[in-house]
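What follows is a single structure, written as structure tokens, with notes after it.
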Amino acid sequence: MIDADILVIGAGLAGLSLARYLVDSHKKVLLLEKSRSPGGRLSTRRSEHGDFDHGAQYITSRTPEFTALVNQLTQSGKSSEWAPDGKDSARPWWVGQPGMSTLGKALAQGLDIRLGAQATRILRQGGGFVVHAKNSDGTQTHFSASKIVAAIPAPQAHALLGPLDPAFAPLDKVGMAPCWTAMLAFDAALDSVPDLIRGQPGDVLGLIVRNGSKPGRTGETYVLHATPEWSKANLQNHRETVALEMIKAMRETTGLGSNHPEPVHFELHRWLYALVEKPLGQPFLANSDNTLFACGDWCIEARAEAAHQSGLALANHIISL
């Protein structure tokens, strides 16, 4: 049994932001993350043909707290501004340097994180809780804590916390959409294709990004995000069918048609909970005795900054107890 005062399930931006503020306030925090690296949708996939930011493509900042964090990351060389052809906003866009995953790794520095550990069950024990976790090697580990935070997508948080306390029933009303993501590399430049093309509702593709146009990237690499509508309709389709449809849509959207070269590298990733469609409408959830909590971008809106806001709001709440 491994003990912690506060156990945070999920080391995405919300969980990392929460833990960072709690640790800075001298709280003992342990994070569990089922993936091999922290950051959640701030993610980068490596390949011999180049790297792909296959989750969030960029971040923006509006609040003073998140702006200060972005400035800190930029000054330390972890972030750079990205101004692609096709940019459709006057607000600056920031990307991790050399990949989006750098942002999560920077926030994770100095935190106690168990990677490859997926929380599967939470049980009450005495005045606290025991969390059962399945490790990536197939073994099981048990953790005990007096406070538990689920900083994971709302449906997953509901599955863990719902059976323990009715305070988390509202999680069932939060709407999150999936996203099929394709990663392509070409051995020749697609000169006529803008760095960014945004699709319309009803299209197959919601976003086409020349990943190689970002600062510090090399190679003719592209990331395609399917629209929420198309991803929902094709969520259970065979991967080969999904791949063919997404490549066809790229040919049509870019106008290259039959002149579109074959990629030398292709990968697919399915995000089950990629985009917040119906947020909770409050910065976090807590039960009546302040022992169980949930936070995430889904509390506020579909932006990376919302995850940070949610984590910070919950951290301030816990510190005030």
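Which residue, of E81, E65, E33, is surrounded by 24 or more Cβ atoms within 10 Å (Cβ to Cβ), assigned by TED's automatic domain parsing to the domain that holds Q140 and among the charged types (D, E, K, R)?
E33
Kindly establish whether E305 is in the same structural domain as V204 (by TED's automatic domain parsing) and not hydrophobic (A, V, I, L, M, F, W, C).
Considered against the rule, which asks whether it is in the same structural domain as V204 (by TED's automatic domain parsing) and not hydrophobic (A, V, I, L, M, F, W, C), E305 comes out as no.
Which members of region 207-219 meet the condition of being crowded, with 23+ Cβ neighbours inside 10 Å and closer than 13 Å to M183 by Cβ?
Passing the criteria: I208, V209, N211.
Return the only residue of Q57, Q97 being closer than 25 Å to R270 by Cβ, touching a strand residue (DSSP E or B) at 6+ places or on another chain (Cβ under 9 Å) and either crowded, with 17+ Cβ neighbours inside 10 Å or of a type in the set (A, V, I, L, M, F, W, C) (or both).
That would be Q57, the only listed residue that is closer than 25 Å to R270 by Cβ, touching a strand residue (DSSP E or B) at 6+ places or on another chain (Cβ under 9 Å) and either crowded, with 17+ Cβ neighbours inside 10 Å or of a type in the set (A, V, I, L, M, F, W, C) (or both).
May I ask you to verify whether S101 is at pLDDT below 95 and under 30 Å from I197 (Cβ atoms)?
Considered against the rule, which asks whether it is at pLDDT below 95 and under 30 Å from I197 (Cβ atoms), S101 comes out as no.
Residue by residue through region 260-276, note down the ones that are surrounded by 19 or more Cβ atoms within 10 Å (Cβ to Cβ) and either at pLDDT below 95 or not in a strand (DSSP E or B) (or both).
If the condition is that a residue be surrounded by 19 or more Cβ atoms within 10 Å (Cβ to Cβ) and either at pLDDT below 95 or not in a strand (DSSP E or B) (or both), then P263 is the only one that fits.
Can you find a residue in region 225-238 that is touching a helix residue (DSSP H, G or I) at 6+ places or on another chain (Cβ under 8 Å), surrounded by fewer than 20 Cβ atoms within 10 Å (Cβ to Cβ) and acidic (D, E)?
no
Among the residues of region 237-259, is any in contact with an Asp or Glu (Cβ under 8 Å, 6 or more places away or on another chain), under 27 Å from G10 (Cα atoms) and among the polar types (S, T, N, Q)?
Taking every residue of region 237-259 in turn, none turns out to be in contact with an Asp or Glu (Cβ under 8 Å, 6 or more places away or on another chain), under 27 Å from G10 (Cα atoms) and among the polar types (S, T, N, Q).
Kindly indicate which of G202, G216, G212 is in contact with a Pro (Cβ under 6 Å, 6 or more places away or on another chain) and either over 21 Å from L272 (Cβ atoms) or hydrophobic (A, V, I, L, M, F, W, C) (or both).
G216
The values are calculated or read from the model by the stated rules, or taken from the named source; none is laboratory data. Computed from a prediction, not measured in an experiment: that's the story for all the values here. Every residue, glycine among them, receives a Cβ derived from its backbone with ideal geometry; neighbour counts consider all protein chains shown.
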